[in-house]
Each structure stands twice: as structure tokens, then as C-alpha cells.
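*Asks:* Dropping a structure here in C-alpha cells format, bear with me for questions.
The values are calculated or read from the model by the stated rules, or taken from the named source; none is laboratory data. Predicted model only: the values in this text are computed from it and were never measured. Positions of Cβ are generated from backbone atoms using ideal geometry, with glycine treated the same way; all protein chains shown enter the neighbour counts.
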Amino acid sequence: MTAYKDLSKEELLELKKGLEARFEEIKAKGLSLDMSRGKPAADQLNLSMGMMDVLNSSEELTCANGVDCRNYGGLDGIDEAKQLLADMMEVPKDNVIIFGNSSLNVMYDTVARAMTHGVMGSTPWCKLDKVKFLCPVPGYDRHFAITEHFGIEMINIPMTSEGPDMDLVEELVNNDPAVKGIWCVPKYSNPQGITYSDETVFRFANLKPAAEDFRIFWDNAYCVHHLYEDKQDYLLEILMECKKAGNPDMVYKFSSTSKISFPGSGIAAMAASDANLKDIRNMMKVQTIGHDKVNQLRHVRFFKDIHGIVEHMKKHADILRPKFETVLEVLDKELGGLEIGSWIAPRGGYFISFDALDGCAKAIVAKAKEAGVVLTGAGATFPYGKDPHDSNIRIAPSYPTPEELEMAADIFVLSVKLVSIDKILEEK
Ligand code: PMP
């Protein structure tokens, strides 16, 4: 394979002609494929249909400590659900609160509480001149949307293969009291599929924040979402590391069963120190009498315990793995050696992150759309939707069928090639 940049202008123009013809041919098929969000496909949702049968009118709906799940009571979740999610989040059961149907909602509320009432007695963030959050990039657009919504200034932190650039994180967190938080997706990150190294977690736990109310927002959304049984990433458990480092209150951990059972109808949880949870429960009790215990019980009766979740996730992996492999094979075969893009083959999570030549991402996403493939908007993986290099594209292979995916991947690589050729020609 000759790199495109080493081809002559004439060779590139010739190549472009052939690729354009191919593109028009595919475009004429009038496809409509959505690869924009990390949604599980219907066959993945079907894996959890048994959950509809575990509770019925003849079932006992009283949980272990005698609480009737049909009635009020139990602000922070039923014990069995706490145990299930605690095992998944690798923390003691008493350090867990069970919330409602969405962890994103819990993250929003956590920022909102800090804004209006402060964190454990500190000045509410809304009373401060400036509040800043660190945002590892590329990252999850909905995290950035929350901090943008509250007028919090977001600072880009480049990701490395081991997690966020910790030199920069330490410099900012340890010296600037306006830095109040950092968004982290520490395992199979969205969108790169990177898992933070032990060293990174250790450095996080040993931060010396200038702000007493600085918190790490540790969104472990993909904690059990492996693609392979024999190739799995391991993440050091941060709550314990923070405790050992003398920073027991510095982290809020979030997770949910969204991409385990039903997204939007799962259960979400937060894990943190006793002091943090006390602070949160105090405000939570004003907000609600308690979340949906029937759904919590349904999840517990269906999965039984963490082993049930692990077995269930293998079934998800069997559906997802071939989809990831299809996309990765097409990328390797069609783009390998051309030097017009780079990507990471993840071992878990929901995305493949693609870095195009600088200045090409928006045009690639637009080109693919012309042929009916909708990708996540370019720029979405950065705060304020602004990718300074206009380079990163998030590919979400979970939703289309394998056949659709093959076509979508073809359209994607054709779009990358065509836009890159134009870019290189411009610079020749
Ligand atoms: N965090 C991350 C990193 C995600 O990718 C997603 C889903 N795309 C969520 C949170 C949303 O989780 P939930 O459904 O629990 O709100």
C-alpha cells in the first residue's frame, strides 16, 4: 500500500475518479443506516426478555429485609440491588445508592446539587466566579453537555493510551481551586475503548486538589462490557485507592445496567464514601421518597448475582464481537498503510474511535450521510462540539445488522478516502 501523500497529483485524481464512481453506485441504493449512537440492537435486548417473566401476579414482591417493593419506603434502594450493583462496581454494599433508570441523570443531579447546595458543606458552585471541569478528549458528548448547561468552563485533557494526560491533570487539579471536577470513563472509554492503567488510577487517587470539593466523576458505564473472554482489560478499583491515599471522599463512581438489560429501563447506581453518601442522601430525601423498587427486584431476580451478569454479558459479547470485527476488518483492509486515518481496536465498550487527517472529520461525516450512513456528528466527542483538529469520528457498530454494517463500513472508508484525497490535493 502506498500512502496517499506519496502519490502524484495525477495518480490521486485517477484514484478519485474510480472511488467516486463506486460511491455513486452505493449511494443509488438509497440506504438508511444509523451508526450515530451506542444503542444495543434488538437481539441484544431480547436477551433480557426473561426479566418480563420473573415478576408476575403470583410472585412475592417482598424483598429480603421485609420491605414490600410495591409500596413506599427504601430511599436508596433495596439491599439485594445494592449487593448486585456493589459487586459489579467492586465496592462494599454499604457504599452504594441505587437510583432510577439512568446514570446520566444521576450525574446531572450530582452536578446540579453541587451548583445549588455545594459539596459536603463547601460553597455552592453557583456562588463562585468560576468553576472548571477537566474533560479528557475525545470523550462522551452527554458529559460535556451537562457541564456546558451549568456554565462550567471545560478544559480539554488529551487522552493517551493509558488514560488522560496525568501530568496535565495533576498540574491543574493541584494548583487551581476553580477546578472542581473531571469527567472519566475509565474502562473501555467512550469513544476510544481505552482502559486507564494502574499508574493512571494510582495518580488519580493521589491527587492533592487545591479545591476541597474537587471530585472525580468516575463513570464506569462499561465495567462488564468485554468483547472477548480471553482478552479483557482490568481496572484498578478507585474508591479503595482513594481511601488508601487519604482521599476517601474524592471520587463519585457511577454505573448502570443500561447496556446490560434495557437502556432507559435499567437501574443506575452511585458508589462513594460514607461521608459523600450521607451528603447525597440528605438532599435526595427532599427530591424523592425512593426510586422504582419493583424494577430493582426484577433485575435481582433475573440476574441473581454478579455471576448472572457476567454470563449475560458473554451473550452480548457474542452479538457485538462480529460487528466490531466487521468494521475493524474493513478499516484494516481498506485503509491500512494509506496514512489517512488511525483507529484503536477496543477490547470492550461500544465504540470505535477513528482519527482522520486534520480538517477532514466534518467532511467525512457529511459525505457518509450523502450515501445514507448517519455517524455521530463530528466534534461531538469534544467540549462545546469543537474538535480543534476536526479529526475525531466516533463509530457505533452495535445497532445495524451485520449485513448493514458491512455496507456502512464500505461507505465510511470510501468517504474517508474521497475526503482525504481532496485534502491532500489541496495541499499539493
Ligand atoms: N455514560 C457513558 C460513558 C455512556 O456511554 C452512556 C450511554 N451511552 C451513559 C453514561 C448513559 O448511561 P445511562 O443510560 O445509565 O444514563
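*Asks:* For the structure I just gave you, tell me whether GLY38 is in the same structural domain as GLY348 (by TED's automatic domain parsing), within 30 Å of TYR234 (Cα to Cα) and in contact with a Lys or Arg (Cβ under 9 Å, 6 or more places away or on another chain).
*Replies:* Yes; evaluated as a whole, the condition is true for this residue.
*Asks:* So how many residues does the range 222-261 have that are crowded, with 21+ Cβ neighbours inside 10 Å, more than 16 Å from the ligand (Cβ to nearest atom) and assigned to a loop (DSSP other than H, G, I, E, B)?
*Replies:* 1
*Asks:* Out of the strands (runs of 3 or more DSSP E) lying entirely within the range 91-198, which hold 3 or more residues that are more than 19 Å from ALA269 (Cβ to Cβ)?
*Replies:* Of the strands (runs of 3 or more DSSP E) lying wholly inside the range 91-198, those with at least 3 residues that are more than 19 Å from ALA269 (Cβ to Cβ) span 132-137, 153-160, 179-184.
*Asks:* GLY290 fails exactly one of the following numbered conditions: (1) part of a helix (DSSP H, G or I); (2) more than 16 Å from the ligand (Cβ to nearest atom); (3) closer than 25 Å to CYS63 by Cα. What is the number of that condition?
*Replies:* (1)
*Asks:* Could you please find all residues in the range 262-279 being of a type outside the set (S, T, N, Q) and not in a helix (DSSP H, G or I)?
*Replies:* Scanning the range 262-279 gives PHE262, PRO263, GLY264, GLY266, ILE267, ALA268, ALA269, MET270, ALA271, ALA272.
*Asks:* Go through the residues of the range 99-122 one by one and say whether even a single one is surrounded by 23 or more Cβ atoms within 10 Å (Cβ to Cβ) and either over 23 Å from the mean Cα position of the chain (by Cα) or at pLDDT below 95 (or both).
*Replies:* Yes, the range 99-122 has at least one match.
*Asks:* For a quick check of your reading of the model, give me the residue pairs whose first member lies in the range 103-121 and is away from the ligand (no atom under 16 Å from the Cβ), whose second is among the basic types (Lys, Arg) and part of a helix (DSSP H, G or I), with beta-carbon atoms closer than 9 Å and at least 6 apart or on different chains.
*Replies:* These pairs meet every condition: GLY118/LYS127; VAL119/ARG113; MET120/LYS278.
*Asks:* Looking at MET88, is it more than 20 Å from the chain's Cα centre (by Cα) and not in a loop (DSSP other than H, G, I, E, B)?
*Replies:* Answer is no for this residue.
*Asks:* Note down all Cβ pairs under 6 Å where the first residue falls in the range 347-360 and is free of Cβ contacts under 8 Å to residues at least 40 places away in the same chain and over 15 Å from GLU334 (Cβ atoms), the second is more than 16 Å from the ligand (Cβ to nearest atom) and not aliphatic (A, V, I, L, M), and they're at least six residues apart or on different chains.
*Replies:* ASP355/SER342; ASP355/SER391; ASP358/HIS389; ASP358/SER391
*Asks:* Determine if the range 196-204 includes at least one residue that is within 13 Å of the ligand (Cβ to nearest atom) and crowded, with 24+ Cβ neighbours inside 10 Å.
*Replies:* For the range 196-204, residues within 13 Å of the ligand (Cβ to nearest atom) and crowded, with 24+ Cβ neighbours inside 10 Å: absent.
*Asks:* Looking at (1) over 16 Å from the mean Cα position of the chain (by Cα); (2) within 27 Å of LYS278 (Cα to Cα); (3) free of Cβ contacts under 8 Å to residues at least 60 places away in the same chain, which one does THR160 not meet, given that it meets all the others?
*Replies:* Checking THR160 against (1) over 16 Å from the mean Cα position of the chain (by Cα); (2) within 27 Å of LYS278 (Cα to Cα); (3) free of Cβ contacts under 8 Å to residues at least 60 places away in the same chain, the one that fails is (2).
*Asks:* Within the range 361-411, can you find the residues that are surrounded by fewer than 21 Cβ atoms within 10 Å (Cβ to Cβ), part of a loop (DSSP other than H, G, I, E, B) and of a type in the set (D, E, K, R)?
*Replies:* LYS386, ASP390, listed by residue number.
*Asks:* Does LEU33 satisfy being assigned by TED's automatic domain parsing to the domain that holds ALA408, modelled with pLDDT of 95 or more, closer than 26 Å to GLU334 by Cα and not hydroxyl-bearing (Ser, Thr, Tyr)? Even if it seems obvious, please write down each step before you answer.
*Replies:* On the way: assigned by TED's automatic domain parsing to the domain that holds ALA408: yes; modelled with pLDDT of 95 or more: no; closer than 26 Å to GLU334 by Cα: yes; not hydroxyl-bearing (Ser, Thr, Tyr): yes.
In short, no.
*Asks:* Let me ask you something else. For the range 281-339, what are the residues that are small (Gly, Ala, Ser) and out of contact with any Asp or Glu (no Cβ under 9 Å at 6 or more places or on another chain)?
*Replies:* Correct list: GLY308, GLY336, GLY337.
*Asks:* Right, another one. If the Cβ limit is 9 Å and pairs must be 6+ apart or interchain, which residue in the range 200-221 that is in a loop (DSSP other than H, G, I, E, B) pairs with which residue that is more than 16 Å from the ligand (Cβ to nearest atom) and of a type in the set (Ser, Thr, Tyr)?
*Replies:* Here the result reads ALA211/SER122; GLU212/SER122; ASP213/SER122; ASP213/THR123, each pair linking the range 200-221 to a residue that is more than 16 Å from the ligand (Cβ to nearest atom) and of a type in the set (Ser, Thr, Tyr).
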